[in-house]
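Asker: Questions regarding the structure given below will be posed in turn.
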Amino acid sequence: MKKNCGKGQSIEQGPADREQLRLKVIKALSADYESICSIDLECDQIVFYCLSDRTSVISDQCFQICRFSWYISEYADTWVYPEDLEIFKNGVLPDSIRENLMKDQPYYIHYRVLVNGEIQNLQLNFVNVGSQDHISQVVLGCRRVDDEIRQQTEQKRMLEDALEKANLAIAAKNTFLSNISHDMRTPLNAIFGFTSLAKLKLHDLNAVQSYLEQVETASRQLLDMITEVLEISALSSAAGPAEVECDLEEIVGEVYNFLLPQAQEKNLAFTMDCSGLRHSGVYANQENLKQLVLNLVNNAVTYTEPGGRVMLSFKEEDELPNHYSVYNLVVEDTGIGISEDFLERIFDPFSREKNSTLSGIHSIGLGLTIAKDIVDKMGGTIDVKSRVGEGSTFTASLCFRVQPVYCQADKERDIAASRQLSQRILLVEDNEINLEIEIELLENMGFIIDPAENGKIALEKIERAAPGDYDLIIMDIQMPVMDGWQTSAAIRRLPDPVLSHIPIIALSANALASDIQKSKENGINVHLSKPMNLPVLLETIEEITGKHCFSDNN
């Protein structure tokens, strides 16, 4: 074949020449490059072996010889993104190619092209296939690297976010230490001061009484601060939820009665509403739940100015399978409010919008952090809406197992139903803490759990299982030995159609759209993100398995 190309010439390529060139190219480059060329830097020639859509616009035949300098100039003017022209042109100069190949083998250039208004990321790969003393014979491959660039950009963004959060945490901790030193010394100064005054006026009982009341007030402030710090420590080392029978209305009532005198002292309109509770008796960690209500309501009472309103309500929202219900604890106030900027950090430890000098309120600022930790341990969510000068609304959404009230016939019916409808789940999770929490939560829902520490163990269990042994698989993604995607794909390839079609729910911290798409590609039915949302997980299990569990309708 013969064809002129710029100022170049065409030559006749015999089968032996083509085979020799093909072998060199295959040796130098992998098969996934969209265009491959052979370059003679000494003769300023380029021979095309494999053409991409961009390459074929300039030269439309393989094994055609063109002038390398002419082709690069035409290609740059036609395709290369304007901002990358200088990088591209400098990178493909013969002297630059030689210099870089003497240092690195192979040598890469990254640049962008504009195709039909779309920016694409490309990589040129130069490989020396001739003499090392005088580099002239080079093989060039070109491929798209959009996915790699996207991943690198995402990783860079994540690292920057992590660094920013780390710096904010350090700054917040330093501010906390400064504030706590000031805030604790303030009541201590009052205690020492009023004690000294009381000693000087032992003969004046009224004055001594007043001083002792001030000492008591300062002591309570100091005790509250110490209690918050200790609660944070206790929550971080807690082994897990200890569920007991408790009554939601009673818990709310206890907190309400405890804080009522403080609210009355500030002339607050303080109300409690539990009329939305259809099932007040539940199984929960009573102490943690009481602490959650106390922290949220105390926060509202503390930051609401005299004459304002604080409204506390507990409402049952949805009934779920296996005797579970979703409840919303709502604490609303007409207090000072929270700025929009600070809302993003409202639950961060050691974080406080104003110090006590500016706000006039002595508090370490750990109350909301403790509340958030309690909600997280209970598998719930907490949300806050606020406007400066208008007030705040905190909503904690929690899922509790309801205490059923049965007659003997109901009990017998429940036992029979549970035997028929109990589902066996293979839970695949490598993190011991996550595994322990998930097992306890799911077993409390009535499921039978079989744990697996990684994907390889899970696959082996499915391979040994008989049809019907497992109703569902809950799969973590990032695991050692064999990750969740590899495991799911392997399960879908099993010869037994019953085993290969067991529903799989991904439960992972990988929550990007690309992660969800990859889960679908590997046969996962539904991809849920961590932290685990109990109501959503229960609904998903019911939808995906098609099994409706017995629920209490009393």
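Asker: Just to check your reading of the model, which residue among TYR283, TYR324 is within 16 Å of CYS399 (Cα to Cα), out of contact with any helix residue (DSSP H, G or I) (no Cβ under 7 Å at 6 or more places or on another chain) and of a type outside the set (D, E, K, R)?
Answerer: Just one listed residue meets the conditions, TYR283.
Asker: Which pairs turn up if I take residues in segment 156-172 that are modelled with pLDDT under 80 and look for partners that are among the small types (Gly, Ala, Ser) with beta carbon separation below 8 Å, at least 6 apart in sequence or on another chain?
Answerer: Matching pairs, first to second residue: ALA172/SER351.
Asker: Also, I was wondering about something else. Quickly run through segment 43-66 and pick out the residues that are at pLDDT 80 or above and assigned to a helix (DSSP H, G or I).
Answerer: Listed by number, the list is empty, since nothing qualifies.
Asker: Something else about it: Go through the residues of segment 222-231 one by one and say whether even a single one is of a type in the set (D, E, K, R), open to solvent by 60 Å² or more (accessible area, probe 1.4 Å) and at pLDDT 70 or above.
Answerer: Within segment 222-231, none of the residues are of a type in the set (D, E, K, R), open to solvent by 60 Å² or more (accessible area, probe 1.4 Å) and at pLDDT 70 or above.
Asker: Condition first: over 19 Å from HIS501 (Cα atoms) and either in a strand (DSSP E or B) or open to solvent by 40 Å² or more (accessible area, probe 1.4 Å) (or both). Now tell me which residues in segment 453-470 satisfy that.
Answerer: Of everything in segment 453-470, just one residue is over 19 Å from HIS501 (Cα atoms) and either in a strand (DSSP E or B) or open to solvent by 40 Å² or more (accessible area, probe 1.4 Å) (or both), namely GLU453.
Asker: Anything in segment 472-493 that is of a type in the set (S, T, N, Q) and assigned to a loop (DSSP other than H, G, I, E, B)? List them, or say none.
Answerer: GLN478
Asker: Right, another one. With the requirement that a residue be modelled with pLDDT of 60 or more and in a loop (DSSP other than H, G, I, E, B), what does segment 399-441 give you?
Answerer: GLN403, PRO404, VAL405, SER422, GLN423, GLU429, ASP430, ASN431
Asker: Sticking with this structure for a sec: Kindly indicate the residue of segment 320-349 that is closer than 30 Å to MET445 by Cα and of a type in the set (Phe, Trp, Tyr) and also surrounded by the fewest Cβ atoms within 10 Å (Cβ to Cβ) among those meeting that condition.
Answerer: Here the answer is PHE347.
Asker: Something else about it: Please work out if PRO306 is open to solvent by 20 Å² or more (accessible area, probe 1.4 Å) and either in contact with an Asp or Glu (Cβ under 6 Å, 6 or more places away or on another chain) or at pLDDT 85 or above (or both).
Answerer: yes
Asker: Which residues, counting only those in segment 82-105, are among the acidic types (Asp, Glu) and either in contact with a Ser or Thr (Cβ under 9 Å, 6 or more places away or on another chain) or open to solvent by less than 100 Å² (accessible area, probe 1.4 Å) (or both)?
Answerer: Matches in segment 82-105: ASP84, ASP104.
Asker: Out of segment 118-139, which residues are farther than 20 Å from GLU34 by Cβ and either open to solvent by 30 Å² or more (accessible area, probe 1.4 Å) or without any contact (Cβ under 8 Å) to a residue 24 or more places away in the chain (or both)?
Answerer: GLY130, SER131, GLN132, ASP133, HIS134, GLN137
A quick yes/no check of all residues on (1) part of a loop (DSSP other than H, G, I, E, B); (2) within 17 Å of the chain's Cα centre (by Cα); (3) not basic (Lys, Arg):
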| position | (1), (2), (3) |
| --- | --- |
| PRO495 | yes, no, yes |
| LEU499 | no, no, yes |
| ILE516 | no, yes, yes |
| LYS520 | no, no, no |
| GLY523 | yes, no, yes |
| HIS527 | no, yes, yes |
| LEU537 | no, yes, yes |
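A quick yes/no check of all residues on (1) touching a strand residue (DSSP E or B) at 6+ places or on another chain (Cβ under 9 Å); (2) at pLDDT below 90; (3) aliphatic (A, V, I, L, M); (4) surrounded by 17 or more Cβ atoms within 10 Å (Cβ to Cβ):
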| residue | (1), (2), (3), (4) |
| --- | --- |
| THR195 | no, yes, no, no |
| ALA207 | no, yes, yes, no |
| GLU245 | yes, yes, no, no |
| VAL252 | yes, no, yes, yes |
| VAL255 | yes, yes, yes, yes |
| LEU259 | yes, yes, yes, yes |
| MET272 | yes, no, yes, yes |
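Asker: Taking ASN125 as the residue in question, decide whether it is over 17 Å from LEU41 (Cβ atoms) and polar (S, T, N, Q).
Answerer: When the stated conditions are applied, ASN125 does not pass them.
Asker: What are the pairs with Cβ atoms under 6 angstrom where one residue, in segment 311-333, is more than 16 Å from GLY379 (Cα to Cα) and modelled with pLDDT under 95 and the other, located anywhere, is among the basic types (Lys, Arg) and part of a strand (DSSP E or B)? Sequence gap at least six, or different chains.
Answerer: HIS323/ARG401
The values are calculated or read from the model by the stated rules, or taken from the named source; none is laboratory data. This structure is a prediction, so every number in the text was calculated from the model and none was measured. Cβ atoms come from the backbone with ideal geometry, glycine included; neighbour counts cover every protein chain shown. Note: accessible area is taken over every heavy atom of the protein model, side chains too, but ligands, DNA and RNA are not part of it. Shrake-Rupley method; radii C 1.70, N 1.55, O 1.52, S 1.80 Å.
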